[in-house]
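J.: Sending over a structure as structure tokens; questions will come in a sec.
The values are calculated or read from the model by the stated rules, or taken from the named source; none is laboratory data. Not measured: the values here are computed from a predicted model. Methodologically, a virtual Cβ is constructed for each residue, glycine included, from the backbone with ideal geometry; neighbour enumeration extends over all protein chains shown.
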Amino acid sequence: MKIKSNLIDQIVPSISELRALFNGRVIAPDDPRYEQARTVFYGGIDCHPAAIVRVADAGDVSRLVSVAREAGIELAIRSGGHSNAGHSTTEGGIVLDLSAMKDLQINVQDKTAWAEAGLTAGEYVVQTAAYGLTTGFGDTGTVGLGGITLGGGVGYLVRKHGLTIDNLLAAEIVTADAQLLHVDDQNHPDLFWAIRGGGGNFGVATRFKFHLHELDKVLGGMLCLPATADTIASFLKEADSAPNELSTILNIMTAPPMPFLPADMHGKVVIMAMMVYAGDIEMGEQVISKFRSIATPYADMIRPMTYPEMFPPEEGGDYHPVAAGRTMFIDHVTRSEAEMILNRLQSSSASMAVTQLRVLGGAMSRVRADATAFAHRNSRIMVNLAALYENPNEKRIHEAWVTEFASALRQSDNGAYVNFLADVDEAQVRAAYPNGTWERLAAIKARYDPDNFFHLNQNIPPK
């Protein structure tokens, strides 16, 4: 029997039928857990799914894909719920929630790990670190492995070990026809190419097989410096010429009221740089000393630590930032660009304005541009611009600010990193897939999802 949901004007399976199919792992609007379960990481996203199904295994995923397709119900896939564009949820459809799928099988001898897609990056690195091993993901512990992996994965080890997808050996994917496929270089190689950067367009990833690298201690943490045109340009110059063991994330931002900062710096623009040297600690100290000498630090928290310590516990579940943002690549930051960045940040009326700069290269750039669906191997610096705000009525102001900022900063590289794109149009999604990548992905999409069932993503229509 099928009944109408009170949330949508379409025929769907009844909640009782869903609960019977999935052993009660269904959260509906009548469930006291619903409000928390429907909430995603970013604020300003207020969707009301008809049901949230917390799948237990790949069999559940396959069944739910079949049910949703047969009934014509929109299906959102959620791993960690960090989609900037709100693709982790749906208005009136069903959320396929992978967060209960957290199995991790570590093969120490082969240095590989099979990880279910509901694990977070933090959970993965804590468990693998017990063996002195790790895989590089991003820079946030609560991000789900599903989303970050499928989009590429740019994080603290990008120059040393490449993108997350450069360490992906195989995956298990439930496709639109509800088949569970094992994909790697030998099995469905076209699909394996596509999921390494093509996002969630091709199915639901249930498990990933990753290569593990030996990594016991790192020299890591945050270095907070004065923000001037000279310090910004000097930092980026040092980051570009540093050994590949060093990956940095330079945040130029209005300083929050943190206890380690002088009170008179709160609300002023500073440099907050996250740094990881994944190599010999003594050598790392020599490398980091060049950054410490750029200017007298306001705070120096860089020290030898275990890699999981780079992923500290985050703010509680009530933290849901709202931001206007843009992502792009640029070629260089001289003193002139640095001056412009400072002027733009100081002109923002947002509660916090941020320019994030990540110097790339290293292992990431040694992979052929057409080897995976991530085509930005020669990009030099990844940029994220953001204005965080509380008042929804200010959205237009902050969107205009960040749009103008991005336009002023743009150089010869017109690309974009798909994992950092917000709710954008097709032209902006295409920027993530240049030089024939879009066309190749669209052809693969037509083979595996000709009806575009998986469309809640940075969508590549089948062709």
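J.: If VAL125 passes every condition in (1) assigned to a helix (DSSP H, G or I); (2) closer than 24 Å to SER66 by Cα; (3) aliphatic (A, V, I, L, M) but one, which one does it miss?
T.: VAL125 satisfies every listed condition except (2).
J.: What number of residues in segment 166-199 are out of contact with any helix residue (DSSP H, G or I) (no Cβ under 8 Å at 6 or more places or on another chain) and either on the phi > 0 side of the Ramachandran plot or aromatic (Phe, Trp, Tyr) (or both)?
T.: 2
J.: Return yes or no: is GLU116 acidic (Asp, Glu), crowded, with 22+ Cβ neighbours inside 10 Å and either within 28 Å of ARG63 (Cβ to Cβ) or under 13 Å from the mean Cα position of the chain (by Cα) (or both)?
T.: Considered against the rule, which asks whether it is acidic (Asp, Glu), crowded, with 22+ Cβ neighbours inside 10 Å and either within 28 Å of ARG63 (Cβ to Cβ) or under 13 Å from the mean Cα position of the chain (by Cα) (or both), GLU116 comes out as yes.
J.: Okay, moving on. Of the numbered conditions (1) surrounded by 22 or more Cβ atoms within 10 Å (Cβ to Cβ); (2) over 17 Å from TYR156 (Cβ atoms); (3) among the aliphatic types (A, V, I, L, M), LEU250 fails exactly one; give the number of that condition.
T.: (2)
J.: Could I ask something else about it? For LEU181, state whether it is in contact with a Pro (Cβ under 7 Å, 6 or more places away or on another chain), farther than 22 Å from SER365 by Cβ and either of a type in the set (S, T, N, Q) or not in a helix (DSSP H, G or I) (or both).
T.: Considered against the rule, which asks whether it is in contact with a Pro (Cβ under 7 Å, 6 or more places away or on another chain), farther than 22 Å from SER365 by Cβ and either of a type in the set (S, T, N, Q) or not in a helix (DSSP H, G or I) (or both), LEU181 comes out as no.
J.: Of the conditions (1) in a strand (DSSP E or B); (2) in contact (Cβ under 8 Å) with a residue 24 or more places away in the chain, LEU191 fails just one. Which one is it?
T.: (1)
J.: For segment 228-243, which positions are in a loop (DSSP other than H, G, I, E, B) and either surrounded by 19 or more Cβ atoms within 10 Å (Cβ to Cβ) or in contact with a Pro (Cβ under 9 Å, 6 or more places away or on another chain) (or both)?
T.: Listed by number, the list holds a single entry, ALA242.
J.: Outside any helix (DSSP H, G or I) and either buried (at least 23 other Cβ atoms within 10 Å of the Cβ) or free of Cβ contacts under 8 Å to residues at least 24 places away in the same chain (or both): is that true of THR206 in this structure?
T.: Considered against the rule, which asks whether it is outside any helix (DSSP H, G or I) and either buried (at least 23 other Cβ atoms within 10 Å of the Cβ) or free of Cβ contacts under 8 Å to residues at least 24 places away in the same chain (or both), THR206 comes out as yes.
J.: Still on this structure, please answer the following. Pairs under 7 Å by beta carbon, first residue over 23 Å from HIS87 (Cα atoms) in segment 14-43, partner surrounded by fewer than 16 Cβ atoms within 10 Å (Cβ to Cβ), six or more apart or different chains?
T.: Qualifying pairs under 7 Å: SER14/MET1; SER14/LYS2; SER14/ILE3.
J.: Just wondering, is there one or more residues in segment 213-224 that are within 23 Å of ASN343 (Cβ to Cβ), in contact (Cβ under 8 Å) with a residue 40 or more places away in the chain and of a type outside the set (Asp, Glu)?
T.: Yes, segment 213-224 contains a residue that is within 23 Å of ASN343 (Cβ to Cβ), in contact (Cβ under 8 Å) with a residue 40 or more places away in the chain and of a type outside the set (Asp, Glu).
J.: Among the residues that make up segment 143-165, is at least one of them assigned to a strand (DSSP E or B) and of a type outside the set (Phe, Trp, Tyr)?
T.: Yes, segment 143-165 contains at least one residue that is assigned to a strand (DSSP E or B) and of a type outside the set (Phe, Trp, Tyr).
J.: Could you grab me the full set of residues in segment 368-377 that are surrounded by 14 or more Cβ atoms within 10 Å (Cβ to Cβ) and either without any contact (Cβ under 8 Å) to a residue 60 or more places away in the chain or of a type outside the set (Phe, Trp, Tyr) (or both)?
T.: Answer for segment 368-377, where residues must be surrounded by 14 or more Cβ atoms within 10 Å (Cβ to Cβ) and either without any contact (Cβ under 8 Å) to a residue 60 or more places away in the chain or of a type outside the set (Phe, Trp, Tyr) (or both): ALA369, ALA371, THR372, ALA373, ALA375, HIS376, ARG377.
J.: A follow-up question, please. Would you mention how many residues in segment 382-417 are closer than 15 Å to ARG358 by Cβ and either among the small types (Gly, Ala, Ser) or crowded, with 22+ Cβ neighbours inside 10 Å (or both)?
T.: 7
J.: Please go through segment 399-425 and give me each residue that is at pLDDT below 95 and among the charged types (D, E, K, R), ordered by number.
T.: Those that are at pLDDT below 95 and among the charged types (D, E, K, R): ASP423, ASP425.
J.: Any residue in segment 385-404 that's assigned by TED's automatic domain parsing to the domain that holds GLU337 and part of a helix (DSSP H, G or I): show its pairings with residues that are among the aromatic types (Phe, Trp, Tyr) and surrounded by 15 or more Cβ atoms within 10 Å (Cβ to Cβ) at Cβ separation under 9 Å, as long as the two are six or more apart or on different chains.
T.: Close Cβ pairs (under 9 Å, with a partner that is among the aromatic types (Phe, Trp, Tyr) and surrounded by 15 or more Cβ atoms within 10 Å (Cβ to Cβ)) amount to LYS395/TYR389; ILE397/TYR389; HIS398/TYR389.
J.: Kindly list, by first and then second residue, each pair from a residue in segment 262-286 that is assigned to a helix (DSSP H, G or I) to a residue that is among the small types (Gly, Ala, Ser), limited to pairs with Cβ atoms under 9 Å and residues at least 6 apart or on different chains.
T.: If the second residue must be among the small types (Gly, Ala, Ser), the pairs left are MET265/ALA255; GLY284/GLY220; GLY284/ALA278.
J.: Restricting to segment 68-105, and then to whatever is of a type in the set (Val, Ile, Thr) and in contact with a Leu (Cβ under 7 Å, 6 or more places away or on another chain), can you tell me which residue is nearest to ASN452 (Cα to Cα)?
T.: The qualifying residue nearest to ASN452 (Cα to Cα) is ILE77.
J.: Here is a list: ALA369, ALA422, ALA353. Which entry is part of a strand (DSSP E or B) and under 21 Å from the mean Cα position of the chain (by Cα)?
T.: The match here is ALA353.
J.: Out of segment 425-463, which residues are surrounded by fewer than 19 Cβ atoms within 10 Å (Cβ to Cβ), assigned to a helix (DSSP H, G or I) and touching a Lys or Arg at 6+ places or on another chain (Cβ under 9 Å)?
T.: GLU439, ALA442, ALA443, ALA446
J.: Same structure again: Out of ASP264, ASP300, I need the residue that is modelled with pLDDT under 95, surrounded by fewer than 18 Cβ atoms within 10 Å (Cβ to Cβ) and either assigned by TED's automatic domain parsing to the domain that holds PRO226 or touching a strand residue (DSSP E or B) at 6+ places or on another chain (Cβ under 8 Å) (or both). Which one?
T.: ASP264
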